[in-house]
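Undergrad: Got a structure for you, written out below as structure tokens; questions coming shortly.
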Amino acid sequence: MTFAAVDYDGLIPNNVALGQDLRVKHALEKWHPGYIDWWNDMGPEGFQESLVYLRTAISVDPKGWAKFDYVRMPEYRWGVLLAPAQEGRTIPFGRHKGEPAWQEVPGEYRALLRRLIVIQGDTEPASVEQQRHLGKTAPSLYDLRNLFQVNVEEGRHLWAMVYLLQKYFGADGREEAEALLQRRSGDADTPRMLGAFNEKTPDWLSFFMFTYFTDRDGKMQLEALAQSGFDPLSRTCRFMLTEEAHHMFVGETGVTRVIQKTCEAMKAAGITDPYDIAAVRKLGVIDLPTVQKKANLHFSLTLDLFGNEISTNAANAFHSGIKGRFREDRLKDDHQLENDTYPVLRLVDGKIVKVDAPALSALNMRLRDDYVVDCNVGVARWNKVIESFGIPFQIKLPSVAFHRHIGEFAKIHADVDGNLMTDAEWEKKRGDFLPSDGDKVFIEGLMQPEMEIGKFASWIAPPKVGIDNKPGDFEYVKIA
């Protein structure tokens, strides 16, 4: 078996020689039935018997790593895939910079590493649980298939983290792997670990925003973990990033298609004022101000996933060589940061100001700043669509102080421009910034399923290109 090939002979596809590691192989085989039970209970509702045109990893060679074919989701071949090892790889940052990368867990960092892996692992099944009802209101078979592709790959990412727990953390790892199947998104007693993964995903615009904004946080975290001095974690995350790119593509193009359809409908009806919301909604499309409010909501919820702006945990993870920065290998500094500073937004005397903080303590802020830059690239593309129709409207990301529940701005209210507000002002203006109950009712009213081959719901445009270059009338899901 070459470094790129995946062994499909056993129950668990892998490129980590599981057949020669019987302890871990048996542990994963023992975990497998519980995973399938979880998938059947909490995976996409109503479509487990449907044949879905999915891609499955057959290699970790970026030039040809996946094949496409019809498969029932419970029969999807989830497995353990690591990017190829880099011969002579050294730890690229922190106090151990330049030392050989670890192939086993360093004893002094065992608890820290385990927690990072568990938190990452917990997000993967959580998003599947959040999205399990969406299939019933899919705007097309194309979108239905994309939803299911995201879901099965999030399931595979759970497998990726469980493999690390089972192989490197003994009894503790086995307990954590079981617990990942016991927690439930939004459950009052056993919720998922991070707040954004306990929110509902009630409609398809929410799904597109989630995959654009929240999966992008996943990209940032995976990029930082891919720098890890613990080589198995680095290799795991490097391959996960290959799959994560599709999830963000689904989000960005999904929102683009919503905007495209709205602009086309406005032009055909002769509506030039994007704020004539009642008139636009009569066309059966989602008005641009509501798209903006959805972006405000999902962007702000995702910012909370980065944690506190000043963080001892983040400093310890970097200093220890466990978690780096976004694309650490491209940065031009000493990669140790012990004498460096980084500008951080703080609340000082009732004002939001930028102050220099120790760079090690400000790593969450730096990763969040990189995230905001990355988000704005896609937002600019959305605005080009609007501009092409001559409509005077722009989607803008709100201030990082807006609608926060974790960090420096959790105890204050700020508008989308970062201006501080009283509680009374916030309550009065909240509906201008975030989806109101009326907005939610309107959007959910549009969510009527369109399951005819080649057809799309009234509120979304067809994609420019089909999956795997398939024609517009391809049957992406054969509904059972």
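Undergrad: Run down L283, L301, L297, L305 and say which single residue is more than 27 Å from R89 (Cβ to Cβ), part of a loop (DSSP other than H, G, I, E, B) and of a type in the set (A, V, I, L, M, F, W, C).
TA: Just one listed residue meets the conditions, L283.
Undergrad: Same structure again: Looking only at region 392-405, which residues are open to solvent by less than 70 Å² (accessible area, probe 1.4 Å) and either touching a Pro at 6+ places or on another chain (Cβ under 6 Å) or within 23 Å of N308 (Cβ to Cβ) (or both)?
TA: Residues satisfying the conditions are F393, L397, P398, S399, V400, A401, F402, H403, R404.
Undergrad: Would you check which residues across region 403-418 are touching a strand residue (DSSP E or B) at 6+ places or on another chain (Cβ under 9 Å), over 16 Å from R346 (Cβ atoms) and assigned to a loop (DSSP other than H, G, I, E, B) and list them?
TA: H403, D415
Undergrad: Shifting gears a bit: Quick one: how many residues across region 65-88 are open to solvent by 40 Å² or more (accessible area, probe 1.4 Å) and either touching a residue at least 60 places away in the same chain (Cβ under 8 Å) or under 27 Å from the mean Cα position of the chain (by Cα) (or both)?
TA: Number of matching residues: 9.
Undergrad: Still on this structure, I have one more. Has region 262-277 got any residue that is within 20 Å of K396 (Cα to Cα) and of a type in the set (A, V, I, L, M)?
TA: Checking region 262-277: at least one residue is within 20 Å of K396 (Cα to Cα) and of a type in the set (A, V, I, L, M).
Undergrad: Also: Only one of (1) over 30 Å from L141 (Cβ atoms); (2) surrounded by 13 or more Cβ atoms within 10 Å (Cβ to Cβ) is not met by Q48, so which one is it?
TA: (1)
Undergrad: Taking interchain pairs and intrachain pairs at least six residues apart, which have beta carbon atoms under 7 angstrom, with the first residue in region 370-382 and farther than 14 Å from S300 by Cα and open to solvent by 50 Å² or more (accessible area, probe 1.4 Å) and the second of a type outside the set (D, E) and in a helix (DSSP H, G or I)?
TA: Short answer, once both residue conditions are applied: R381/T256.
Undergrad: If I ask for residues that are under 16 Å from the mean Cα position of the chain (by Cα) and farther than 25 Å from G195 by Cα, which ones from region 117-145 would you list?
TA: none
Undergrad: Moving to a separate point now. Before we move on, is M220 at pLDDT 95 or above and in contact with a Leu (Cβ under 6 Å, 6 or more places away or on another chain)?
TA: Against the criterion (at pLDDT 95 or above and in contact with a Leu (Cβ under 6 Å, 6 or more places away or on another chain)), M220 qualifies.
Undergrad: Can you name every residue in region 167-196 that is of a type in the set (G, A, S) and assigned to a helix (DSSP H, G or I)?
TA: Within region 167-196, G170, A171, G173, A177, A179, G195, A196 qualify.
Undergrad: Moving on. Do you know which residues across region 111-166 are touching a Ser or Thr at 6+ places or on another chain (Cβ under 7 Å), assigned to a helix (DSSP H, G or I) and surrounded by 22 or more Cβ atoms within 10 Å (Cβ to Cβ)?
TA: A126, E129, Q130, L134, V150, E154, A160, L164 - these are the residues of region 111-166 that are touching a Ser or Thr at 6+ places or on another chain (Cβ under 7 Å), assigned to a helix (DSSP H, G or I) and surrounded by 22 or more Cβ atoms within 10 Å (Cβ to Cβ).
The values are calculated or read from the model by the stated rules, or taken from the named source; none is laboratory data. Predicted model, so just to flag it, every value in this text is computed and none were measured. Because the Cβ atoms are built from the backbone with ideal geometry, glycine has one as well, and the counts that use them run over all protein chains shown. Accessible surface areas use protein heavy atoms only, side chains included; no ligands, DNA or RNA. Shrake-Rupley method; radii C 1.70, N 1.55, O 1.52, S 1.80 Å.
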